[in-house]
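Below: the structure, in structure tokens.
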Amino acid sequence: MGSFEIMEARHSVRQYKDQAIEPEKRAELERLTEALNRQYGLHMQIIYDDPACFKSIMAHYGKFEGVSNYIALVGPKSPSLEETLGYCGQQLVLKAQELGLNTCWVAMTHGKSAAEIAGGEKQTCLIALGYGKTKGVAHKSKPMTELAKADATMPDWFCKGMEAV
């Protein structure tokens with residue numbers, strides 16, 4: 001499956017099955033996490049088997065259910081941290097989708113994560129991870145004509161990028 005097919009198949013999922021993520025899938029996600037951490041100087045961590053983080057009132061408010069695995073997006077404080085973690089986090093989301101797992105970006109509707117956060121570091125958000133009770137549903141997208149306007153024909157690379165958005 002190519003990148004565009006993976007992006008098209010991926011939808012946010014908030015309810016998860018009580019099903020462990022297999023060791024080989026964990027190993028693939030860990031390899032990618034370590035590579036991204038090295039390349040971008042981050043401290044992202046995948047936390048497995050920690051349901052406590054999503055047993056809070058806020059998680060209930062966010063309608064999360066059965067979450068026991070998540071990716072903690074952590075890195076050194078900087079003006080570009082959110083952008084860098086967003087870019088790297090989305091790579092992990094797409095890898096998870098490719099492996100048959102489901103995800104959901106989570107900003108404030110979770111409890112305390114088990115991530116290690118050193119001095120000078122910040123956790124921006126989490127990504128719920130696991131086997132969803134459903135595969136999620138597509139949400140309405142704006143047509144490209146509402147997102148981009150040009151006086152000339154837009155190049156293919158631009159159109160493909162806008163389709164991904």
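Odds and ends about this structure:
- For the stretch 98-123, a residue qualifies if it is in contact with a strand residue (DSSP E or B) (Cβ under 8 Å, 6 or more places away or on another chain), polar (S, T, N, Q) and modelled with pLDDT under 95, and exactly one does: 113.
- Filtered residues of the stretch 84-99 (kept if of a type outside the set (A, V, I, L, M, F, W, C) and either open to solvent by less than 30 Å² (accessible area, probe 1.4 Å) or within 10 Å of the chain's Cα centre (by Cα) (or both)): 86, 87, 89, 90, 91, 95, 97
- Restricting 145, 153, 103 to residues that are closer than 26 Å to residue 50 by Cα and hydroxyl-bearing (Ser, Thr, Tyr) narrows the list to 103.
- Inspection of the stretch 150-157 finds a residue satisfying the criterion of being modelled with pLDDT under 95 and touching a helix residue (DSSP H, G or I) at 6+ places or on another chain (Cβ under 9 Å).
The values are calculated or read from the model by the stated rules, or taken from the named source; none is laboratory data. Just so you know, these numbers come straight off a predicted model, no measurement behind them. For neighbour counting, all protein chains shown are included, and Cβ atoms are generated from backbone atoms with ideal geometry for every residue, glycine included. Each accessible area value is taken on the protein alone, full model and side chains, heavy atoms only, with ligands, DNA and RNA left out. Shrake-Rupley method; radii C 1.70, N 1.55, O 1.52, S 1.80 Å.
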